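Please treat every number below as a calculation from the coordinates, not as lab data. Here the structure is a predicted model, which means the values were calculated and not measured. Note that we place each Cβ from the backbone using ideal geometry, even for glycine, and neighbour counts take in every protein chain shown.
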Amino acid sequence: MAVETVQQQLRGLREVDTPAVYTTQRTLTWREHLDEASAEAAVLVAHAAPDRVLHVATLMGNHASMLRAMAAAGLGGYVLCGINTTRRGEGLRTDIHRSEAQVLLVDDQHAPLLEGLDLGDVRVIRAESAEWETERAAAGPLTPHREAEMMDTFMLVFTSGTSGDPKPVQVSHLQVLFSGTHLVDRYSITPDDVCYVAMPLFHSNALVAGWAVAVFGGAAMVPTQFSASRFLADVRRFGVTYMNYVGKPLAYVLGTPEQPDDADNTLRVAFGNEASDHDIDEFMRRFDCEVWDGFGSTEMAIIIIREPGTPRGSIGKGLDDNVAIYHSETVTECEVARFDENGALVNAEAATGELVNTQGGGYFQGYFNDEKANSDRMRHGMYWSGDLAYRDAEGWIYLAGRTADWMRVDGENLAAAPIERILQRMPQLNRVAVYAVKDERVGDQVMAAIVLDDDAALAPEDLEAFLAAQPDLSPKAWPRFVRIAPDLPSTATNKVLKRELMAQGPTAGTGLLWVREERGRAYSLA
């Protein structure tokens with residue numbers, strides 16, 4: 001019988017003795033790894049409330065314990081809820097509450113984030129503790145919570161929407177299976193391959209483009225936190241042949257000093273999204289590997305593939321004919337993009353619209369317990385992505401930005417309103433607008449325009465201290481650019497015209513401009 005679920009695939013690996021997990025401390029075969037996962041699942045299922053669907057949340061980094069939790073959910077037939085480890089304070093508590101988890105597995109690194117949070121009746125388990133190891137060692141045989149079916153939810157993956165509130169996407173067993181088997185086939189992944197899983201495992205990219213590839217290819221995994229300086233040493237140490245990425249990892253690696261022997265490595269394929277054309281070309285040249293960059297959201301309702309011959313600047317073509325570009329107000333398809341002799345778009349207004357799936361949600365199973373968000377996303381029988389784009393006569397698609405206040409920062413969507421609410425706590429502040437400016441490599445950077453109270457003063461070090469003191473501010477939400485402005489452009493109804501601020505970018509406009517160092521926290525006058 002053909003494999004239809006993650007549960008079935010993992011069961012098929014229970015008797016396999018090829019490597020599954022490589023860490024600096026030890027190597028586990030698939031048999032050993034899944035024995036540990038089965039024991040974890042057995043304990044969690046045995047202690048679950050019988051009258052509730054079993055959801056198990058994780059607040060963990062890329063460790064073997066997180067891989068064990070993912071495999072345990074698959075074998076146990078329950079839903080894993082990946083909590084974003086960059087969330088803080090009330091936002092973190094809200095995400096855990098929204099997941100409806102009975103249990104929260106947390107590693108030692110992130111346990112301090114839970115201090116002072118009221119999690120109600122959620123049982124918190126320190127996943128790396130000796131007590132949990134002892135409890136797992138005493139586990140009996142696993143009786144799954146449920147025999148999974150292909151459309152059952154395997155994992156809840158949180159993402160940010162136009163409202164600024166993270167929404168838990170229901171990622172089905174079928175979605176994981178489809179992505180894993182597709183990439184295994186496309187890149188000829190076998191048990192001899194080693195997958196470098198350095199993107200956050202609570203993120204959809206790591207789930208469907210990293211973990212799923214190893215599971216459905218029977219390959220080994222190297223779980224780690226991404227480090228540009230350590231990247232090549234890791235590839236060589238573990239014999240890495242495949243890696244997934246989202247956002248700017250390629251650019252970060254390319255920012256390290258080039259060495260004559262960079263191409264002397266085992267890496268064969270890098271697959272991900274949001275890399276620039278320059279970074280794709282340079283990464284392939286420098287490390288002598290293939291790089292395939294595509295487009296896809298957590299919802300997996302729209303998939304765009306970069307094919308051979310993709311023009312520079314394009315993200316590729318839709319995986320099927322259902323991918324289209326529509327005007328959201330008229331619900332009509334946009335014109336084909338036309339360009340002048342210099343390659344400039346001449347019909348931008350008519351050609352630019354929102355990426356949609358005309359046949360519905362595709363693999364999208366909806367947001368968990370959020371009917372309003374589901375109805376906003378599914379309109380007129382189509383899935384509306386919230387991404388703006390245009391398409392040329394040959395079918396090549398080009399991203400043109402994002403609707404509402406979305407910002408794509410280092411591979412993740414951020415919304416402006418929560419950041420504005422945090423900045424408004426600053427006593428010197430009178431008004432603030434947060435918006436996206438284009439990153440010089442790929443994606444967006446966060447910019448804030450601030451108007452101070454009359455006679456108020458603010459120094460860069462004051463801002464640094466304030467931001468560092470906000471427990472619910474994600475590290476990625478620190479503005480890269482801050483303009484201390486005399487006023488903000490606004491409508492007659494006193495609503496800030498963000499489109500004007502975005503058009504100015506970081507270099508135009510009046511007032512003082514502060515710039516934060518690229519990967520640090522210090523601001524200086526531009």
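Taking 8 Å as the Cα distance limit and 6 or more residues as the minimum spacing, I'd like the relative contact order of the range 1-120 as a percentage.
Across the range 1-120, relative contact order equals 25 percent.
Whose amide H sits under 5 Å from the amide H of K167, counting only residues 5 or more places off or on another chain, with H placed in the peptide plane?
The answer is T159, S160, G161.
Lysine pairs in the chain with Cα distance under 28 Å, only those 8 or more apart or on different chains: how many are there?
20
For labels at Q428 and L119 in the simple 7 Å Cα→Cβ model, what's the distance in nm?
3.8 nm
What ³J(HN,Hα) values, in whole Hz, does the Karplus curve 6.51 cos²θ - 1.76 cosθ + 1.60 give for the range 372-382 when θ = phi - 60°, with x put for Gly and Pro?
5, 5, 5, 5, 5, 7, 9, 9, 6, x, 10
Roughly speaking, what is the centre-to-centre gap between the range 168-200 and the range 1-42 when only Cα atoms are used, to the nearest Å?
15 Å
Nearest 10 degrees is fine. How inclined is helix 30-46 to the longest principal axis of the chain, computing both from alpha carbons?
Roughly 80 degrees between the two axes.
Full extension from H110 to S375: what is 0.36 nm times the residue separation minus their Cα-Cα distance, to one decimal in nm?
92.0 nm
Could you work out the helix-only [θ] at 222 nm for the chain, with each DSSP H run of four or more residues adding -39,500 (n - 2.57) and the total divided by the number of residues, to the nearest 500 deg cm²/dmol?
Theoretical 222 nm ellipticity from helices: -7000 deg cm²/dmol.
In degrees between 0 and 90, to the nearest 10, how far off the longest principal axis of the chain does helix 173-186 point, with axes built from Cα atoms?
Around 90 degrees separate the two axes.
How high is the relative contact order of the chain, given as a whole-number percent (alpha carbon pairs under 8 Å, six or more residues apart)?
RCO, the chain: 10 percent.
For a quick check: with amide H placed at 1.01 Å from N, whose amide H comes under 5 Å from S490's, ignoring anything fewer than 5 positions away on the same chain?
For S490, whose amide H was placed from the backbone, the distant partners under 5 Å are L497.
Enumerate the residues in the range 418-456 having an amide nitrogen under 15 Å from the point lying 7 Å beyond the Cα of M502 toward its Cβ.
433-439, 443-449
When all alpha-carbon pairs of the chain are counted, what percent fall beyond 42 Å?
Tail fraction, whole percent: 19.
Step through the residues of the range 351-358 one at a time and calculate ³J(HN,Hα) from phi using the Karplus curve (6.51 cos²θ - 1.76 cosθ + 1.60, θ = phi - 60°), rounding each to whole Hz and writing x for Gly and Pro.
8, 8, x, 9, 5, 9, 10, 5
Report, in whole Å, the centroid distance computed from the Cα atoms of the range 72-117 and the range 456-480.
26 Å
Can you give me the angle between helix 277-287 and the longest principal axis of the chain, using Cα atoms only, in degrees from 0 to 90, rounded to the nearest 10?
Helix 277-287 and the main axis of the chain meet at about 40 degrees.
Work out from phi, with θ = phi - 60° and the Karplus expression 6.51 cos²θ - 1.76 cosθ + 1.60, the ³J(HN,Hα) of each residue of the range 74-88, listed in order in whole Hz, and give x for Gly and Pro.
x, 5, x, x, 10, 9, 8, 10, x, 8, 5, 6, 8, 6, 9
Can you list residues from other chains, or at least 5 along the same chain, whose modelled amide H is less than 5 Å from the amide H of N244?
Amide H neighbours of N244: Y196, A198, F271.
For the pair S328 and T94, what calculated FRET efficiency results from E = 1/(1 + (r/R0)^6), where r is the Cβ-Cβ distance and R0 = 41 Å, to the nearest 0.05?
Efficiency for this residue pair is about 0.90.
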